[in-house]
Amino acid sequence: MKKFLSANEAVAHAAAQAGCVVASAYPGTPSTEILENIAKFKDTVRCEWAVNEKVAMETAIGASMAGARALTAMKHVGLNVAMDPLMTFTFVGATGGMVVVSADDPGMHSSQNEQDNRNLAKFARAALLEPSDSQEAYDMTLAAFDISEKFRVPVLIRLTTRTSHSSSLVELGDFNPKPHDLIPYVKDITRTIPVPMFARRQRLAAQERTAAMEAASAASPLNRVEKGRTDFGFVTSAVAYQYVKEIFPEFSILKLGWTNPLPKQLVRDFAASVERLVVVEELDPFMEDQIRAMGIKVEDHKTELNMLELNADRVQNLRHELIGDVDEAAAPSAAGDLPTRPPVLCAGCGHRGVFYVLSKLKATVTGDIGCYTLGAFPPLNAMDSTICMGASIGNAAGMKKAGLKGRICAVLGDSTFFHSGMTGILSAHYNGTPVTTVVLDNRITAMTGHQDNPGTGKTLAGDPAPVTEIGDIARAMGYKKVVKVSADDLGELERVLTDAMDGDEGALIIAYAPCRIAAKLTKEGLCEVDPEKCKACGACFKMGCPAMTRGKEVRPGAFQMAIDPNLCAGCKQCSQVCKFGAIKRVR
């Protein structure tokens, strides 16, 4: 049986085929589609969106301890959130097969940083597998459950944006998903409660397990030597292998799929078989540093390979430097003199009104991870920081504590509030720091593709779920000033935000407006401009709505505003900005 699958879809199919019983994750590009596709096998796999990656990891760990095969998936920064339980679980050890999928984002296509989570696998003493395409994503996920149970270790599968979202034919074999038999649970506090007296022994066991895995890795078919010319030999892994195979097809290659622990003897044997050894990998010199530490000479080169996303052009430049029989790759160039087109908030997005008002009030705004990060850019210019999920509240509290003058506001979304904002508002309240927090509540996890969360009333499987009210949480924590306001009502927003930021107590403002795409409200209405009333003052353009376009030029450099009927969502925010009544809703 063959299917055309992305690596994310292949991981999902393999999890079902391997008999995974429990899968828990928090959505984050480029990993999101893994759980969305596992959920299609809900008859055999119990799937859920957790409120954050740490909880997802802990859920999978609990399932593994109970003897079930389990999987958790997250983007690279999500693994940072989940490292606390993972670091201890590698001491405790898996019972049922435990697979952790980390989808790294080289080049930061949709992330606030770039990191190579192979380092975290080594740090945690977890096994590490690196697929180079969809077929390997499928095969390695199947193998990961077996490796996990054999060595009682969590196995990290490291994908990257390119592998996660590239598709190819995958041979699924005799595809017949069904839950794997549970391994009987046996109570053993010497293993599952790592207090110091037990953890010291587990530390020694972890070292012995690593040595055993290294021997298994050296003999594993997940690693292979492809023989060719021996004047150069290439050690590579993951998607970097595809580029090496394309640009250096005639040379010997050591293609590593099981990269932690590094199969050192296999590397030594390969190095001895070639005259000059080159290591090509994406992001950090994870393998290269270890190979050099073994005393093996690795070819130096000036071509930059370890920063941003690797591609065939950069590997071609490496060949140009080392061999000189190809030209340097042409540098990418912009199409003509076209201006850049940065992403913008959608037409009718409720977030726009909040940022417009905060900018008008000259507030210092600590932001967060989500669509609303776009509030930082012109013409709104209404955000001062973005660090990580939930950081907005702690950042605002720190600014307050440091004595920064003026209005300060923390802004985050509803899903981010559930992820890691609740602890932030509790800490601020406990420490008497009067932080104003605005939760942009559009009732969806919008940025990663409209996944459900505790405020939407549905689970990942589409089943009904209790709706958690953000205001109730804040009140239970002791907040007295909790206000819910329409994000499309600019006048009321200004009144509420001014009162909160100028007050001397903590406040939680819930700015509510449904995501117009998720709620299918993109054609809810239509506004138009009366050219007789429009004075071309430009005030409406400060909203930055993509439905607004330049109309008639009434004087040099002054244009009336026109509204693109194909984009307008009828939110009426622009009509509230116009002092001349030139904008009205017609449908």
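The values are calculated or read from the model by the stated rules, or taken from the named source; none is laboratory data. Nothing here was measured: the structure is a model prediction, and the numbers come from that model. With ideal geometry, Cβ positions are generated from the backbone for all residues, glycine too; neighbour counts draw on all protein chains shown.
Observations, loosely collected:
- Residue count, the range 7-42 (criterion: of a type outside the set (A, V, I, L, M, F, W, C), buried (at least 23 other Cβ atoms within 10 Å of the Cβ) and in contact with a His (Cβ under 9 Å, 6 or more places away or on another chain)): 5
- Pair list, Cβ under 8 Å, 6 or more apart: the range 418-436 residue under 17 Å from residue 388 (Cβ atoms) and in contact (Cβ under 8 Å) with a residue 40 or more places away in the chain, other residue polar (S, T, N, Q) and surrounded by fewer than 17 Cβ atoms within 10 Å (Cβ to Cβ): 418/468
- One residue from 470, 425 being β-branched (Val, Ile, Thr) and surrounded by fewer than 24 Cβ atoms within 10 Å (Cβ to Cβ): 470
- Set side by side, the residues 324, 390 differ, and just one is closer than 30 Å to residue 487 by Cα and without any contact (Cβ under 8 Å) to a residue 40 or more places away in the chain, which is 390.
- Residue in the range 142-158 that is buried (at least 24 other Cβ atoms within 10 Å of the Cβ), part of a helix (DSSP H, G or I) and among the charged types (D, E, K, R) present: no
- Filter result (buried (at least 17 other Cβ atoms within 10 Å of the Cβ), hydrophobic (A, V, I, L, M, F, W, C) and in a loop (DSSP other than H, G, I, E, B)) within the range 568-587: 568, 569, 571, 578, 582
- Among the residues of the range 220-278, those that are of a type in the set (A, V, I, L, M) and touching a residue at least 60 places away in the same chain (Cβ under 8 Å) comprise 222, 238, 239, 240, 244, 247, 256.
- Qualifying position, being in contact (Cβ under 8 Å) with a residue 40 or more places away in the chain, small (Gly, Ala, Ser) and farther than 22 Å from residue 546 by Cα, among 312, 293: 312
- Test: residue in the range 469-480 that is farther than 18 Å from residue 426 by Cβ, out of contact with any Asp or Glu (no Cβ under 8 Å at 6 or more places or on another chain) and either modelled with pLDDT of 95 or more or not in a strand (DSSP E or B) (or both): no
- Residue in the range 330-344 that is among the acidic types (Asp, Glu) and in contact (Cβ under 8 Å) with a residue 12 or more places away in the chain present: no
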